[in-house]
Structure formats: C-alpha cells, structure tokens
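Asks: Take a look at this one; I'll ask things after.
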Amino acid sequence: MRKSINISILVLLITGLFSCNTNDSKDGDKGALASNAAEKVYVAPGEHDEFYAFVSGGYSGNLTVYGLPSGRMFKEIPVFSQFPTSGYGYSEETKPMLNTSHGFIPWDDAHHPDISQTSGKLDGRWVFINGNNTPRIAKIDLKTFETTEIIEVPNSAGNHSSSFVTENTEYVVAGTRFSVPVPQQDIAINEYKGKFKGALSFISVDPEDGIMSIKFQLMMPGFNYDLSHPGRGKSHGWFFFTTYNTEEANSLLEVNASQNDKDFIAAVNWKKIEEYVNNGGGKMMPANYAHNVYDDDTHTATSTMMKEVLVVDPLEVPGAVFLLPTPKSPHGVDIDPSGEYIIGNGKLSADLTIHSFTKMISAIENKKFDGDAYGIPILKFEEILRGTVKQAGLGPLHTEFDGKGNGYTTFFISSELVKWDLETLEVIDRKPNYYSVGHVMIPGGNSAHPFGKYAVSMNKITKDRYLPTGPELEHSAQLFDITGEKMELLLDFPTHGEPHYAAGIPASIIKENSQKIYKLAENEHEYAAIANGDARVERDGNEVHVYMTMIRSHFTPDNIEGIKVGDKVYFHITNHEQDFDVPHGFAMIGANSSGLLIMPGQTKTTVWEPKEVGVWPFYCTDFCSALHQEMQGYVRVSPKSSKLELSWSLGED
Ligand code: K7E
Ligand code: CUA
C-alpha cells in the first residue's frame, strides 16, 4: 500500500470545526422558514406523532425516545447508566443489569441503536444498542420500553462497530474498535503490530424470546473496526466492517493511522462461518463476561458470569473473509436497501466510494486479489468499485437511504447533508447542517424498506442555535422533509447527551403492543405483597424485609417500629394500582440510593441502613392524587441493644 501523509486533509479535518458556520444562510435555510414548514411539524395537542425515533445518548449511556415530526422527547430509557428518575441501577432488582467482569459498572457510552427486523422489515420488537467503553450490547423491549438484557462482549474494547442486526435478527453484531491482546496479557504496548487482535462478535438472538448468546467471535488482525452494517437481499449472509489504522500504529494515531491511502472494508460471510461452527468448527477459549437478563414475571434481573467463548480464526474458513480496499480511513459503511451497494464513507476523503456487491462476488470467484493481510485476501480495488460520488463534500461519515433510489450522506467537515442518486452517482441536493453533522437517520434506514419521509441529522456543535446555557449546550438535531426533489429543513430540536446514531420506526408498528400496566395477578416477584394480608415486616438477623404495598393514597404499613441501628432494611414495595399511568414513588430519608418509581402492578426494592436512632419518615415522590401529600409514613429506629419487637400498622391496626 502507498504511504503518504495527506497533511492537507488532516488540516482540513482539524480546522473544519472552526469554519463550519460559514456556509449557513446562502439558501435562506437559517432563520425564517416557509410557514408550511411549521405546519409540517405541528402535532396538535392530543394528537400523536407519526414516528418514534430512538436516539442514542452517547455519553449519557441511555436511549431517548422522540416523536417525529414534532421533535418532542417522550422518554429517556436507562440502559447502561444508573437512572435516579426511575431507580434503574439503584433498585435491588436492576443492579444486576449493570454487572460486568469488571464489577458493577453504572455508566457507558452508547452509540448505535438498531431495531429488530423480520425479512428485512422493521418488526418493532426490540431495540439493540452498544456500550462502547466496557463492551456490552443491550436489548430494550418495545412492549415496555425497558432494558431487559445486557450481554458483555469479551476480547473486545471500544465496542463501536455495533450493534447492527441482520435482516431476520439472526444476529446482532459487535466489533472491536480498539484491538487488544487476546487473551489479555502483560506485554509492551509497542508489541501491538501482529500481536493485538480485533474480535468481531456474532451474537445470536432467539427468535422467540430474544435471548442473546455469543455464537462465535471472528479473531481478525489488529485493525480498528469502526462501523459495520449487514448485507440484505442479495447480500444477506454477509456483514461489512470498516477499518482504519490498518497501519497498526499504537501511538499518535492521528498521523500514524493516516498513512495508508486506503484502508479496508472487511466483508464477512457469516453464513459460511455459521455453517463451519455448526459443524463443530472453532475453538472454545476461556473468557469471563456477564450475561444479565431482566425477567418480566419476577420483575428481577439476574447476572450470570459466562466462562468461555467460541473463537474462529478467519484462515480456518477459506472463502469467508475478504478485504475491500477503501479510501481513506473510512468511518461508516452503509448498504443500500437492495443490498447491492456498499458505501465506504472515507472520512479523510472528499469523494464517496461505492463498491458493488455483484462485482465483489465476481472478483472473489475470479481470484482478483491484490495480495493479502495476515493471509486474508485483499480484493483488487478497480474490480469491486462501482464508482465514486465526486466532490460530494468534505469528511463523509454516514449514509442512509430513502428507498426511492437516493442516498443521504453526512459530511462532518463541510457540515452538510448531501442527497445523491444511487444510479447516476450525481449529487442532487445539499443542505447545510448546524453544525458538523455526525449521523443522519431515516426511519428504517438500516433495512430493506426505509420510510423516506424524514431525515434527522444529528449535529455535534450547537453554538448559536439555542439560548446559551453556559459553556455546555445540548447537541442539536435537524429534521428535514425528504419527500421532494430538494430537502427542506423543518425543525431544530435539542437532544440529550451526545446522539450518534438513531433508529426510527412508524409509531403504528409499536404503539398497539405497548404494555400499559404490570398485571398484579401475574406478579411473581419473590417479595411481592399481592393480597391485602401480605403486607408485613420480617426480621432475619440484622436484615429486615418490609413487604409493603401502595395504593392511592397510602402505604401499608405506614408505621414500623422495632428497627435498630445497624439493621439492613429492604423495602419491597408493590404498587397495587391497575390503572395506566399511575405510578407511586418511594423515598426514605438518608437512604444511600435513589428513590424508586414503581409502575402499576410492579414490585421494586430499595435498601436503607439507618445510622441513628429516631423516628424517620418516608414518602411518595410522584404526585399521584389530591392526597399525594398525605402518602407518607414513619419508621422508628431504636438502639442496637434495644429489645423492642418488630411491629407495624396502618390506621387502627
Ligand atoms: Cu459516527 Cu459512534 Cu456512529 Cu458518532 S459514530 S457520529
Ligand atoms: Cu403515591 Cu404520591
């Protein structure tokens, strides 16, 4: 490969941030919009949005839910981060969700949500999202909009080329951005080259209950696997991963990983490897990773440490892995709805590279190779290239599709969204983004059937778009109408954390299945108090278990005596409401935890370790009725040596 430092591109990349607001108002997009733009995003009071958008929170570790076209935020779904609003990661039931091989890790960096598919169509069952930092993949159930499963990914780091699903959700795929020694060991960092590995993990998803399990890890050379996407239609069975740092540098990557004129898109025939593995191929290697599952019946999560993982060396399966040379440190790799075009978004390039799947297959069949990397054949660039979109912009990052023959590519450096024709490769339209756009999302954009009505660009820099809020500004999203020949900017709205990718879906696919309450009769929580007589307090050494119920507008019991300093008091609280949208909250003075928000029919637990004698109150934190302020109680705490027996009561009891 040619070695040349393209300093000018690097300089552009570095300075791009400071010049990105010079292209803003030429076509009148900034400021006054046509009045019909307002009508297009106006969702009248009481009316519902047409689409749900699940927007990654980046360093918030969570997933936010927005309506489109209104840009209204409906929910923040806690995934990898403790969330005091609901008690996720604080309640005893949900703490196991955040368990990892590194212990309890209450935070992550979440980038790429992707919605489950059946036959290449969004099916609205689950959203998957990756945790980058402590590699994990989470699954959110779209019945409850709650995180119900998290699996840690061993032998991985910077879990970034994740979490994209195949067209029948056979797999959710996770790739390593930072290659590491496998297995981890104490070696010099400059032994990187040749010794570090990049694991690409294929995590199977049970078609019935959705349970995830690592089917195999493909142990690739130590490049940085940046993004990935599945083949679909004719390319179903393949998965594509961008790489950078094919130089295998371990220091000053901004220069040392920008030497090669071309890096690779790795094409993986997972069907072939699946067959190999199903016939006993691959090697089990010791590993240590957590698999955390939330049970909807017991309202409780369990964490299991897994002890081995199946590893496949790409050289063991001839014909399964090929490298597609692609300029220039590509970021996103995106596959069009037909499965034919493989788009390499070379982030240090001005042109957009389009490979052809058909040409790739024929290059493989005719052995049009240009050497190899660690034994993996490199295909000849000219043999696989469909063409380039010339001078489309600077710094292409990501592409989505409208299902009508057009691609929409984001350009970070020139800060714009560019629409181009998949057949002619001509640019059709470009619109400035405010500012420095990362991903763009079209609902169903990563599927064979996109809903090409809106595009949402998610921007990194906000600067002057909103009222200043001190040095920190929320990131800005922009909604475009893409039904016409030209894109039309409709709306700016702030997003929470740092959205990278988002996944959108028509609300009609989800909303009828949305669960409204937890049925009390089906509550199998070990400490639930279901019948009226179930409320009680039990002592087991210095552990005290309070089986408490709540209904408008009291707790049962609301007076508890006989607790002692040094006790560990578990409040297991069951909400007896069976009406939609009537949660109660629970907060105990001095508890070293968050409050709880308990949904109708649900049981949640918090722990309190009283440090001082006295009479200490607890109360409901959610304004639930006109008598919400009356929803309170007391716990009497006596000295450790006290002989006072446990007692509890409500009213005259
Ligand atoms: Cu481009 Cu993490 Cu998908 Cu950010 S990544 S933008
Ligand atoms: Cu229950 Cu306020």
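Asks: Using 18 Å as the Cα-Cα cut-off, could you pick out the over-long pairs in Lys568/Lys604; Lys431/Lys486; Lys215/Lys271; Lys390/Lys419; Lys121/Lys486; Lys143/Lys519?
Replies: Details: Lys568/Lys604 16 Å; Lys431/Lys486 9 Å; Lys215/Lys271 12 Å; Lys390/Lys419 13 Å; Lys121/Lys486 26 Å; Lys143/Lys519 14 Å.
Lys121/Lys486, as the Cα separations exceed 18 Å there.
Asks: Next question. Quick check: the distance between the Cα centres of the range 245-317 and the range 443-460, to the nearest angstrom?
Replies: Taking the Cα centre of each part, the range 245-317 and the range 443-460 sit 27 Å apart.
Asks: Still on this structure, I have one more. How big is the gap, in Å, between the Cα center of the range 563-590 and the Cα center of the range 98-137?
Replies: Answer, in whole Å: 29.
Asks: Run the 1.4 Å probe and let me know the accessible area of Ser649, rounded to the nearest 10 Å².
Replies: Rounded to the nearest 10, the figure is 30 Å².
Asks: Report in % the part of the accessible area of the range 520-649 that belongs to carbon and sulfur, leaving out ligands and nucleic acids; probe 1.4 Å. Intermediate values should be presented prior to the final figure.
Replies: Working: 3010 of 6160 Å².
Answer for the range 520-649: carbon and sulfur cover 49 percent of the accessible area.
Asks: Add -39500 (n - 2.57) for each DSSP H run of 4 or more in the chain, then divide by its residues: what number comes out at 222 nm, to the nearest 500 deg cm²/dmol?
Replies: Working: 8 runs with 54 residues, N = 653.
My calculation for the chain gives -2000 deg cm²/dmol from helical runs alone.
Asks: Now, a different point. Let me cross-check His48: its accessible surface, 1.4 Å probe, with only protein heavy atoms counted, in Å² to the nearest 10?
Replies: His48 has an accessible surface of roughly 140 Å² with all protein chains in place.
Asks: Out of the total accessible area of the range 58-513 (probe 1.4 Å, heavy atoms of protein only), what percent is carbon and sulfur?
Replies: Numbers: 7800 of 14830 Å².
Here it works out to 53 percent.
Asks: Now for a different question. Pairs of alpha-carbon atoms within less than 8 angstrom and 6+ residues apart define the contacts here; what relative contact order does the chain have, in percent? Working shown, then result.
Replies: Values: 1848 pairs, mean separation 74.2, N = 653.
Relative contact order here is 11 percent.
Asks: Once you put a point 7 Å from the Cα of Met285 and another 7 Å from the Cα of Leu252, both along the Cβ direction, what distance in nm separates them?
Replies: Reported label-point gap for Met285 and Leu252 is 3.1 nm.
Asks: Provide the FRET efficiency to the nearest 0.05 for the Asp209-Gln184 pair, computing r from the beta carbons and using R0 = 25 Å.
Replies: On the way: r = 32 Å, r/R0 = 1.29.
Here the calculated transfer efficiency is 0.20.
Asks: May I pose another question? Setting aside same-chain residues fewer than 8 positions from Lys368, which lysines have a Cα under 16 Å from its Cα?
Replies: Lys359, Lys380
Asks: What distance in nm lies between label points placed 7 Å from Cα along the C-beta direction at Lys643 and Asp313?
Replies: Here the modelled spin labels are 7.5 nm apart.
Asks: Can you pull the Rg over Rh of the chain, Cα-only, Kirkwood?
Replies: Numbers: Rg = 26.9 Å, Rh = 26.4 Å.
That ratio equals 1.02.
Asks: Let me see the pair-distance distribution of the range 520-649: every alpha carbon pair, 5 Å bin width, integer percents in order.
Replies: The percentages, shortest bin first, are 2, 12, 22, 25, 20, 12, 6, 2, 0, 0.
Asks: Using the crude model of +1 on Lys and Arg Cβ and -1 on Asp and Glu Cβ, and no other charge, please compute the dipole size for the chain relative to its Cα centre, in debye to 20. Could you put the intermediate results ahead of the total?
Replies: Values: 55 positive and 84 negative charges, 341 e Å.
That gives the chain a dipole magnitude of about 1640 debye.
Asks: If you count only protein heavy atoms with a 1.4 Å probe, what accessible area per residue comes out for the chain, rounded to a whole Å²?
Replies: On the way: 25460 Å² over 653 residues.
Accessible area per residue, the chain: 39 Å².
Asks: What is the distance, in nm, between label points placed 7 Å from the Cα along the Cα-to-Cβ direction at Leu627 and at Asp579?
Replies: 1.3
Asks: Tell me, what is the 1.4 Å probe accessible area of Trp126, in Å² to the nearest 10?
Replies: Roughly 20 Å² of Trp126 is accessible to a 1.4 Å probe.
The values are calculated or read from the model by the stated rules, or taken from the named source; none is laboratory data. It should be emphasised that the depicted structure is a prediction, and the values quoted were computed from it without experimental measurement. Here the Cβ is made from the backbone with ideal geometry for all residues, glycine too, and neighbour counts use every protein chain on show. These area figures cover heavy atoms from the full protein model, side chains too; ligands, DNA and RNA do not enter into them. Shrake-Rupley method; radii C 1.70, N 1.55, O 1.52, S 1.80 Å.
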